[in-house]
Every structure is written in C-alpha cells, then in structure tokens.
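To start, the structure itself, in structure tokens.
The values are calculated or read from the model by the stated rules, or taken from the named source; none is laboratory data. Owing to the predicted nature of the structure, the values given are computational and were not obtained by experimental measurement. We place every Cβ from the backbone using ideal geometry, glycine too, and count neighbours over all the protein chains shown. Surface accessibility is based on the protein's heavy atoms, side chains included, excluding ligands, DNA and RNA. Shrake-Rupley method; radii C 1.70, N 1.55, O 1.52, S 1.80 Å.
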Amino acid sequence: GANFAAVDLGGSGAAGIDTGVKVGLFAGGFGLFPLTPKVAIQPEAAYSQKHFTLKDPARSFSATDRWDWIEVPILLRVSFASHSSGPYVIGGPGFSYLARAKEEEGRRSFDIKDNVQKVDVSIIGGVGYAAGHFGVEARFDAGMRDLNKGLGSNITVKSRAVRANVTWTF
C-alpha cells in the first residue's frame, strides 16, 4: 500500500512552520482470526514509510523528513457480509517502532533518530472491500504520542497518515 503522511505540529515553536504530505511505502502481512461469521481480529506487521515536508519561510528553511517505522496494528474487522467478500470497517490500536529518521535539507542529509521518540501508539480506522482473495482498503492512522525528543523545546510532533492498501489473502 501507500502512506500519504504528514505531521501535526503544535506549541509555540511550531508557529510559521508549514507541513506537507509525502508518499511512502506500506508493506507487510496480516492474519485474520474470526470471532463470529462477521467479526474478526486482524493483527498485522508492516514496514511503514511516513515521509513529510517542513517549510519555514521566515527562516528560509525547507526540509524533507523520512521517518520509517515497523508497525504492529491489532485491529477489529467487522464485515457486512462474510469475511471473504463484501464491505467492512476496521479499527483499533497500532504500535510503531522507529527504524529510521532522516532529514534532508538541500543536498545535506542528517540522521535525527536520536531526536525522535522510538515508540508511537496510534488509533487506526478505515473501510475496505474484499472480493474473494483480493481486497482494497482506505485507513486513517493518527499517532497519539508527542514524538519530539530533541527537535525544539516548544513544539509537539504527532504522526498522521492516510493509507491506501491492496490486500491478498491465501
């Protein structure tokens, strides 16, 4: 799938900073464990690229941040037909572990992993449609933790992503 990611900045240190969306890869696997004919638990493990831009015109600052995560969502899936076909809704918590954090400003690249919290917890919600083995999904992933660990004292940083997935079940 693909992440359309950005960050939600808060605090007085975020004044004047514009954020932008970048596209990143979302790839992994999931299991589907039925509880009833229409309700299942869907645990996942995935590699998730959450990339975004930052611009501060007052300081002539422009950068692209590339934060990559190992994600483990534990989702509840409620189908309107059966597990193998039809529309469904999906939601639950996600747990993310930072794999990489780089910031590119012009031609320079900086490793900023030590300035970003190593673990994030998010709330995930979405809709999907399954047709036999094939499926498509759209999700919103909202990080709940302030990921700032050294990016400026008066700024909060929370992850946000809209995700489009294509799925295949065996």
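Numbers for the structure displayed
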read-out	value
Residue tally, condition modelled with pLDDT of 90 or more, surrounded by fewer than 21 Cβ atoms within 10 Å (Cβ to Cβ) and polar (S, T, N, Q), over the range 149-164	1
Subset of the range 3-37 (residues that are free of Cβ contacts under 8 Å to residues at least 40 places away in the same chain, small (Gly, Ala, Ser), part of a strand (DSSP E or B) and farther than 15 Å from residue 53 by Cβ)	27, 29
Which numbered condition residue 11 fails, given (1) touching a Leu at 6+ places or on another chain (Cβ under 6 Å); (2) at positive phi; (3) of a type outside the set (A, V, I, L, M, F, W, C)	(1)
Residue satisfying all of: in the range 149-170; hydroxyl-bearing (Ser, Thr, Tyr) and assigned to a strand (DSSP E or B); farthest from residue 77 (Cα to Cα) among these	156
The listed residue being under 13 Å from the mean Cα position of the chain (by Cα) and of a type in the set (A, V, I, L, M), out of 162, 116	162
Flag for residue 70 being closer than 17 Å to residue 158 by Cα, open to solvent by 40 Å² or more (accessible area, probe 1.4 Å) and either among the hydrophobic types (A, V, I, L, M, F, W, C) or not in a strand (DSSP E or B) (or both)	yes
